[in-house]
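Take a look at the structure set out below.
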Amino acid sequence: MTTLTIAKTIATALAEEMERDRNIVVLGEEVAAFGGTYGATQGLLDRFGPDRVKDTPISEGIIAGAAVGAAMNGLRPVAEIMGINFAFLAMDMIVNHAAKVHSMFGGQFRCPMVLRTTSGGGRQLGSTHSQTVEHLYAHFPGLKVVSPSNARDMKGLLKAAIRTDDPVMFVEQATMYSEKGDVPDDVDFLLPIGKSEVKREGRHCTVVAYSKMVGVSLKAAAELAKDGIECTVIDLRTLRPLDMDPIVDSFKQTNHCVTVEESWAMYGVGAEVAARLYETCLDYVDAPIKRVATKDVPLAYSGPLERYALPSVDDVVKAVRETVN
Amino acid sequence: MATTTPTKSKRAATENAATPLSNEELLRLYKQMVEIRLFEEKCEELYQKGKIGGFMHLYIGQEATGVGTIAARRPDDNIITGYRDHGAALACGMSARVAMAEMMGRVDGCSKGKGGSMHLADINLKFWGGHAIVGAQIALGTGLAWAEQYKKTGAVTLAYFGDGASNIGYFHESLNLAKVWNLPIVYICENNKYGMWTPVEKVSATTSMAHKAVSYDIPSDIADGMDLLDVYAKTQKAIEHCRNGNGPYFLEIVTYRYRGHSMGDQRAYRTAEEIKKWQADDPIGKFEDVLLKAGIDPTAIDAVDDEVKAMIEDAVAFADASPFPALDEIYTDITIE
Ligand SMILES: Cc1ncc(C[n+]2csc(CCOP(=O)(O)OP(=O)(O)O)c2C)c(N)n1
Ligand SMILES: [Mg+2]
């Protein structure tokens, strides 16, 4: 076990995987000479050379396009798109090609690529640079969407993403790169894609979150516990495939659920989780399921306004109290 | 050749003229062009009958482009194109049977009936499709080329697209990256003068496609798409350029589609004279003359025509006998793990 920042964890996981498999190549804006905007590809160029670690022009369409084409043709590219807001320029390539080339051609082609990107607000970047929109990609059959909440999971899931033969959107929360965690040293430490994890158990309310909101939810749970309200907190870790099993199991005990996401509630992850619970567990529902999410507005630059719009520990505490009472 | 499209060669020439190809090869390429044309004429018929659905874009008139370029490739060179893909598929060696079964959505189609007319592909022929989002194949082809460069295979990628696609972001991003990374790829613009119903001069800042390569410092050439030998020679040169590690190359091939953009296109955006003028320069008729000049016996040409006709009938019978995929097939091949 080594204590690492999330940025360092990603760089380490990438290096370990590149050491293992020569077909793994890294491309993106500023990933080589400067080690990535967030330092998540630091050291790779020196270690693996310019054929395997490639800076690209500011051309999101062809970053994703070159990755898909190369993946079809035997490489295992890990592409970095500087931010998920910029990935909109690559959206056609991701949803119309990465997600489709396997099925549309009757299984002839494979697309073993990872597209790493960052998501989330909280940095006073204004509305176009602060969105949390990974759930959009989770809409599409053919893609896998992973968004870990901590350093250990970053390692296990990034490695799993690189090793799977399917295209994976790997989404990192932009304010979390310097967060530290204990990371297993095992070069084959893998976590399964499509498994959520119970982070804390309690009998009153099931709180479902992923990425940065797992930490927020755990803080809220600790707060609530002081008043005797015990929450189960579940980290989805993967948005597609979505593992509902621990959520259903917990909900059958707690009969209450709050979902927490950094994106907007409308058509979001919480909506999906709630719909599934209503479909499968209607007899266990004691109160309406609540969704905590970013307020339904574009994010503002001004610090207080941005903080007001984003989901907070207090928002989760309040939602759980309202649900269980 | 007897087709619903006039192509008849003048059959005037009798003297032997030198070509870069053996007579056997000339006949083989002639046969491919006839196969594409008859295949598509049959597809039109089947479409009218409701046996083929979806969007269907015919290549008729452009045969020399696909056949002439693909004839110049090594078998391990990659081919990737857009939705107007029947010509490339057949020229790459896909059997008319398998292609027709795909057209008809049958289980024996190249993509098990999941792709249809616009998404023919065969990985074993290094024919990577058939892509119906305009310009995407330019980007995907760039990625294919990158993989070949990385693997040091020496294989070159030929990526085809239309004049219309030269206005899309993928085009510009791809050319720029290919130059920066020195990728072994020939960008082949099939300039058939229209993107759907819009003439190139209305939507493109320059009507010269080759000119667009200039700002990316990519060398280019222009070929006469109605002349297979010109297409072949210029493609050879282009491929050699790439194979020798000189980076990307751009080939504009000036051609014309006789039919509408896709089935059911009755719009009046070009004159009958214009279409007639191009048909007078038909690539198959013209190539027939090349064959005759090379001393190939007219009866040998007729024999090829008959052979292809029988082949297409056989392909239709095969496709028709092939079942639709089982309904549960929809759940397969979505992800691997
Ligand atoms: C991104 C995108 N926009 C629009 C379309 C609809 N569309 C299909 S073909 C086409 C015209 C393309 O013309 P060109 O590139 O010249 O190729 P051609 O059909 O002449 O072979 C259009 C607009 C599409 N398939 N994809
Ligand atoms: Mg065109």
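Can you name every one of the helices (runs of 4 or more DSSP H) wholly within region A:1-76 that holds 1 or more residues which are in contact with a Gly (Cβ under 7 Å, 6 or more places away or on another chain) and farther than 22 Å from A:Leu157 by Cα?
Details: elements: A:6-20, A:44-48, A:60-72.
Output list reads A:60-72.
Being more than 10 Å from ligand 2 (Cβ to nearest atom) and surrounded by 18 or more Cβ atoms within 10 Å (Cβ to Cβ) is the filter here; which residues of region B:180-203 pass it? B:Trp181, B:Leu183, B:Pro184, B:Ile185, B:Val186, B:Tyr187, B:Ile188, listed by residue number.
Within region B:181-212, which residues are in a helix (DSSP H, G or I), touching a helix residue (DSSP H, G or I) at 6+ places or on another chain (Cβ under 8 Å) and within 16 Å of ligand 1 (Cβ to nearest atom)? I'd like the intermediate steps shown before the answer.
Filtering region B:181-212 for residues in a helix (DSSP H, G or I) gives B:181, B:200-203, B:209-212.
With the extra rule that they be touching a helix residue (DSSP H, G or I) at 6+ places or on another chain (Cβ under 8 Å), the set shrinks to B:181, B:200, B:203, B:209, B:212.
B:Val200, B:Val203, B:Met209, B:Lys212 - these are the residues of region B:181-212 that are in a helix (DSSP H, G or I), touching a helix residue (DSSP H, G or I) at 6+ places or on another chain (Cβ under 8 Å) and within 16 Å of ligand 1 (Cβ to nearest atom).
Considering every residue within region B:91-114, establish whether at least one is in contact (Cβ under 8 Å) with a residue 12 or more places away in the chain, within 16 Å of ligand 2 (Cβ to nearest atom) and acidic (Asp, Glu). Looking for residues that are in contact (Cβ under 8 Å) with a residue 12 or more places away in the chain, within 16 Å of ligand 2 (Cβ to nearest atom) and acidic (Asp, Glu), one finds none in region B:91-114, hence no.
Among the residues of region A:245-270, those identified as open to solvent by 30 Å² or more (accessible area, probe 1.4 Å) and more than 16 Å from A:Thr232 (Cα to Cα) are A:Trp264, A:Met266, A:Tyr267. Filter region B:52-104 for residues that are part of a loop (DSSP other than H, G, I, E, B), touching a Leu at 6+ places or on another chain (Cβ under 6 Å) and within 21 Å of B:Glu148 (Cα to Cα) and give the result. Within region B:52-104, B:Ala71, B:Cys92 qualify. Of all residues in region A:194-230, those being part of a loop (DSSP other than H, G, I, E, B) and surrounded by 23 or more Cβ atoms within 10 Å (Cβ to Cβ) number 2. Within the bounds of region B:243-266, is there any residue that is more than 14 Å from chain A (Cβ to nearest Cβ), within 16 Å of ligand 2 (Cβ to nearest atom) and of a type in the set (Asp, Glu)? Scanning region B:243-266 turns up at least one residue that is more than 14 Å from chain A (Cβ to nearest Cβ), within 16 Å of ligand 2 (Cβ to nearest atom) and of a type in the set (Asp, Glu). Residue selection: B:Ala13 fails the criterion of being at pLDDT below 55, over 12 Å from B:Val290 (Cβ atoms) and either open to solvent by 20 Å² or more (accessible area, probe 1.4 Å) or of a type in the set (Phe, Trp, Tyr) (or both). Does A:Pro167 fit the bill of being open to solvent by 40 Å² or more (accessible area, probe 1.4 Å) and under 22 Å from A:Ala99 (Cβ atoms)? For A:Pro167, the condition - open to solvent by 40 Å² or more (accessible area, probe 1.4 Å) and under 22 Å from A:Ala99 (Cβ atoms) - is not met.
Would you check which residues across region B:178-202 are on the phi < 0 side of the Ramachandran plot and within 14 Å of chain A (Cβ to nearest Cβ) and list them?
Applying the first criterion (on the phi < 0 side of the Ramachandran plot) to region B:178-202 yields B:178-181, B:183-192, B:194-195, B:197-202.
The answer is B:Ala178, B:Lys179, B:Val180, B:Trp181, B:Leu183, B:Pro184, B:Ile185, B:Tyr187.
Just so you know, in region B:147-177 the residues that are within 12 Å of ligand 2 (Cβ to nearest atom) and in a strand (DSSP E or B) include one that is farthest from the other protein chains (Cβ to nearest Cβ), and it is B:Gly162.
Filtered by the rule that a residue be at the interface with another protein chain (Cβ under 9 Å from one of its Cβ atoms) and of a type in the set (Lys, Arg), region A:101-117 gives a lone residue, A:Arg110. With respect to the conditions (1) within 17 Å of A:His139 (Cβ to Cβ); (2) more than 8 Å from every other protein chain (Cβ to nearest Cβ); (3) open to solvent by 40 Å² or more (accessible area, probe 1.4 Å), A:Asn96 falls short on a single one, namely (2). Look at A:Ala79 and say whether it is more than 7 Å from every other protein chain (Cβ to nearest Cβ), buried (at least 20 other Cβ atoms within 10 Å of the Cβ), in contact with a Pro (Cβ under 7 Å, 6 or more places away or on another chain) and at pLDDT 95 or above. It is false that A:Ala79 is more than 7 Å from every other protein chain (Cβ to nearest Cβ), buried (at least 20 other Cβ atoms within 10 Å of the Cβ), in contact with a Pro (Cβ under 7 Å, 6 or more places away or on another chain) and at pLDDT 95 or above.
Would you confirm, using the coordinates I've provided, whether B:Lys276 is closer than 15 Å to B:Arg37 by Cα, open to solvent by 50 Å² or more (accessible area, probe 1.4 Å) and within 24 Å of the chain's Cα centre (by Cα)? No. Against the test of being farther than 23 Å from A:Leu75 by Cβ, open to solvent by 10 Å² or more (accessible area, probe 1.4 Å), within 16 Å of ligand 1 (Cβ to nearest atom) and more than 9 Å from chain A (Cβ to nearest Cβ), the options B:Val107, B:Val134 yield a single qualifying residue, B:Val134.
The values are calculated or read from the model by the stated rules, or taken from the named source; none is laboratory data. Since the structure is predicted, the reported quantities are computational estimates derived from the model, not experimental observations. A quick note on method: Cβ atoms are made from the backbone with ideal geometry, for glycine too, and the neighbour counts reach across all protein chains shown. SASA here: full protein model, heavy atoms, side chains in, ligands and nucleic acids out. Shrake-Rupley method; radii C 1.70, N 1.55, O 1.52, S 1.80 Å.
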